[in-house]
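A short worksheet on the structure shown next.
The values are calculated or read from the model by the stated rules, or taken from the named source; none is laboratory data. All values reported here derive from a predicted model rather than from experimental measurement. All Cβ positions, even for glycine, are placed from backbone atoms using ideal geometry, and neighbour counts span all protein chains on display. Calculation scope for accessible area: heavy atoms of the full protein, side chains included, ligands and nucleic acids excluded. Shrake-Rupley method; radii C 1.70, N 1.55, O 1.52, S 1.80 Å.
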Amino acid sequence: MNARAAAAPPPEAAEAPDLFSKFDPLIAQRQALLDTGVKDPFSLVMEKVLSPTRAIVSGKETILLGTYNYMGMTFDPEVIAAGKKALDEFGSGTTGSRVLNGTYQGHRECEAALRDFYAMDHAMVFSTGYQANLGVISTMAGKGDYVILDIDSHASIYDGCAMGNAEVVPFRHNDVSALEKRLARIPAEAGKLVVLEGVYSMLGDVAPLREMIAVSKAAGAMVLVDEAHSMGFIGPNGRGVAEEQDVLDQVDFVIGTFSKSVGTVGGFCVSNHPKFEILRLVCRPYVFTASLPPSVVATAATSIRKLMHGTNKRAHLWENSKRLHAGLKQLGFTLGTETPQSAIIAVIMPDLEKGAAMWEALLAEGLYVNLARPPATPANMTLLRCSLCAEHSDAEVTEILTMFENAGRTTGVI
Ligand SMILES: Cc1ncc(COP(=O)(O)O)c(C=O)c1O
């Protein structure tokens, strides 16, 4: 190389893109919505929480119909007392992973409560339900294995598949024959994990687990069921849809969360598989993260043990769900399911603008519901998701229906 070539100026560097530019369409869509004068539905603040069903929002007492507090355990006096005691005796956090200094007596007691609740041999507590799915799916199904999943599966299920690098085979929502056809195309000798949910959280519909598990087992697949939205409520003992459909003994892994019926935060997996305990050493979202604080596992264990005796609460929650479903239908709203199938009642909105307007009108009435929109929703739907609580009184359900009628008429949705 001669001296002149060495001294030549470097070619002009191409300008690197702003990595945020991929969000420009979303930023524009959000701005267009806010420009209509609507309140931002995704930045609401609970200024004070009064009970499982009421909070102060924008200075106003508001009925909560969009939490996952299905069994209303967040203000249970025994649950709160257990949390306070653990905070006093064990401190505010573990500052460590479950496999190092982060397993306290409370974590073991919480796992014992789960084993008793499900009558299963093994239980493993994770720091969230998201991490439970991420961890179990990515560890069980690796490169060369297949995960066969309902297309409407939760993000944590998809993320678990991506992390494990398995082949992902989606099938049409709740369609048993589509599942069977997908299974038939997978090589017989390949490892297969079928991932299902008991209740799908967007529309509140229940999976035909009995049929799905039968075709999965016939194809030699292992089965994981995420019972996030059914644990505590559905099934004679609140074990979920698999218990309700009498197929729990055929499920290899049940995934659940403490952030819904249990009323705190955390996730878990229960199983009868004899080799299950090895997961504690190989499951990265279990190993490489701090364990739950002692107060959290103490509240979870107390709540889970109380949920074993929640028959009356479960019955009242069913009553609430049936009344709200029938009442909304009668008012002329379009609902996600023909009949009430869970504690979630989804009200289908014509579009995002109308949905946001209805959401705001309900808030003005003193009612909070969840506004759900694509990509979280199936078929590009905008939904007002109502989730009932066992602590909603009959009078509150009546009040909720009046609020829906008023807001529906103001916005022209009905
Ligand atoms: C089906 C399903 N699985 C898992 C999760 C994650 O639970 P967590 O809130 O404990 O992370 C959710 C949360 O909404 C869920 O709906």
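Structure notes:
- Peptides 61-69, 88-96 ordered by average Cβ neighbours within 10 Å, highest first: 61-69, 88-96
- 3J(HN,Hα) from dihedral phi, the range 372-383, Karplus parametrisation 6.51/-1.76/1.60, rounded to Hz, x for glycine, proline: 10, 9, x, x, 5, 9, x, 6, 6, 7, 9, 10
- Checking the Cα-Cα distances for 39/84; 48/84; 313/354 against a 29 Å cut-off, the pairs over it are 39/84; 313/354.
- Bridge type composition, the chain - antiparallel percent by DSSP, nearest 5: 60 percent
- Pairwise label distance in nanometres, residue 19 with residue 32, each label 7 Å out on the Cα-Cβ vector: 2.8 nm
- For the range 270-311 and the range 133-164, distance of Cα centres in Å: 20 Å
- Rounded to the nearest 0.05, the FRET efficiency derived from the C-beta distance between residue 81 and residue 112 at R0 = 22 Å is 0.70.
- Gain in span if fully extended, residue 95 to residue 326, counting 0.36 nm per residue against the direct Cα distance: 78.3 nm
- Using distinct alpha-carbon pairs, which all enter the 1/r mean, Kirkwood radius of the range 281-414 in Å: 16.9 Å
- A simple rule links phi to the HN-Hα coupling: the Karplus curve 6.51 cos²θ - 1.76 cosθ + 1.60 with θ = phi - 60°, which for the range 219-227 gives 8, x, 8, 8, 10, 10, 10, 8, 9 Hz, with x for Gly and Pro.
- Proximity of backbone amide H atoms, modeled 1.01 Å from N, is registered between residue 367 and 63 at under 5 Å, excluding neighbours fewer than 5 places apart on the same chain.
- Dipole size of the range 146-202 about its Cα centre, with +1 on Lys/Arg Cβ and -1 on Asp/Glu Cβ: approximately 180 debye, rounded to the nearest 20.
- With Cα atoms defining each centre, the range 36-86 and the range 347-364 are spaced 21 Å apart in the structure.
- Residue 398-residue 60 FRET efficiency (beta carbon distance; Förster radius 30 Å; 0.05 resolution): 0.95
- Given charges at Cβ of Lys, Arg, Asp, Glu: the range 85-202 dipole, positive-most of 110, 164, 87: 164
- Accessible area in the full protein assembly, largest first, 1.4 Å probe, for 202, 71: 202, 71
- Under 15 Å, Cβ to Cβ, from residue 246 - net charge with Lys/Arg +1 and Asp/Glu -1: -2
- Once each of the trypsin sites (Lys or Arg not before Pro) sitting in a DSSP loop with at most 11 other beta-carbon atoms within 10 Å is removed, the chain keeps 1-142 as its longest stretch.
- Lys/Arg +1, Asp/Glu -1 at C-beta; the range 211-351 dipole; positive extreme among 271, 332, 308: 308
- Dmax and Rg, reported as Rg then Dmax, of the chain (C-alpha, Å): 23.6, 90
- Rounded to the nearest 20 debye, the dipole size of the chain about its Cα centre is 400 debye, using +1 on the Cβ of Lys and Arg and -1 on the Cβ of Asp and Glu.
- Highest-fluctuation residue, 341, 31, 245 considered, GNM on the chain with Cα pairs under 10 Å: 31
- Amide hydrogen neighbours beyond the local backbone of residue 128, cut-off 5 Å, H modeled: 267
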